[in-house]
1. If you line up the long axis of helix 113-125 against the longest principal axis of the chain, both from Cα atoms, how many degrees apart are they, to the nearest 10?
2. Using all C-alpha to C-alpha distances in the chain, build P(r) with 5 Å bins and read off the rounded percent in each one.
3. Counting only the backbone N, which residues of the range 96-120 are under 15 Å from the spot 7 Å out from the Cα of residue 133 toward its beta-carbon?
4. Between the helical axis of 175-191 and the dominant principal axis of the chain, each derived from Cα atoms, what acute angle in degrees is found, rounded to the nearest 10?
5. Where both residues lie in the range 29-136, what percent of DSSP beta bridges are antiparallel, nearest 5?
6. So, in nm, how far is label residue 194 from label residue 168 when the simple model puts each one 7 Å beyond its Cα toward the Cβ?
7. Using a basic spin-label model with each label point 7 Å from the Cα along Cα→Cβ, how many nm lie between residue 206 and residue 177?
8. What net charge is computed for the residues neighbouring residue 194, neighbours being all others with C-beta under 13 Å from the C-beta of residue 194, Lys and Arg scored +1, Asp and Glu -1?
Amino acid sequence: MELEIVDKDTYKHVERQASIAFDEVWFHELNKCKVDTVDYLLFKTNKYKAGLIIGIDKGIIKVPYSAPFGTFEFFESCTMEQIDDILKCFNEYAVAHKISKIYLKLPPVFYDEPNISKLVNALIRDGYQIYSMDLDYYFPITDMEKYNLSLHRNARKCLKNALKHEYRLRHCEKEEDKYAAYKIIEKSRKSKNYYLSMTWEQVKDTIAYISHDLFILD
């Protein structure tokens with residue numbers, strides 16, 4: 001396995017499309033001002049097996065550095081041995097560049113269950129330590145009856161009461177409606193003294209590249 005440090009255009013040509021938006025070249029180009037350096041890494045044998053975009057800030061590799069999570073993008077299903085070799089090349093890169101710490105926050109496994117599961121195994125065997133682990137909160141709501149049964153009694157009661165009112169979800173299509181949705185979130189965060197990580201300008205720049213849906217409850 002070999003590691004190549006390439007420019008963004010070469011990386012984009014090889015990757016084509018990432019499994020998650022936070023691993024796309026355009027996302028890193030939008031946010032690269034937040035770290036000292038952004039490097040594009042490709043791992044290959046006779047062909048390219050995986051890629052990784054990293055931010056380096058004060059001698060620390062951060063994946064992600066401006067997103068909820070990030071990971072190695074595997075261009076095909078890799079064997080355990082291949083992932084071990086990819087990680088070995090990555091570690092050698094870190095040593096050669098005098099990296100003091102590596103921070104990885106991986107996505108939920110459903111984004112790429114076979115490869116992410118193998119990657120977690122390889123990281124643990126290689127001596128990486130778990131700093132924190134988030135829980136995934138999501139509900140598949142294709143079956144509303146099953147969804148209702150999954151709720152606690154008080155939650156079912158609240159949902160039933162809410163459905164009595166003539167609320168409607170309005171899809172935000174115009175920019176002014178999307179801005180209004182952002183301002184509602186901003187007001188809510190400020191009222192609770194919660195941190196708001198993105199300005200409206202940053203949100204607008206990001207959604208220009210990505211498919212998205214914004215709604216307002218009227």
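Every number in this text was worked out from the coordinates using simple rules, so none of it is lab data. Being a predicted model, the structure only gives us computed values, none of them experimental. Neighbour counts run over all protein chains shown; Cβ positions are idealised from the backbone, glycine included.
1. 60 degrees
2. Going from the shortest bin to the longest, the percentages are 1, 6, 11, 14, 16, 14, 12, 9, 8, 6, 3, 1, 0.
3. 105-110, 117-120
4. 90 degrees
5. Details: 13 of 17 bridges.
That works out to approximately 75 percent antiparallel.
6. About 2.7 nm separates the two model spin labels.
7. 2.1 nm
8. Combined, the nearby Lys, Arg, Asp and Glu give +3.
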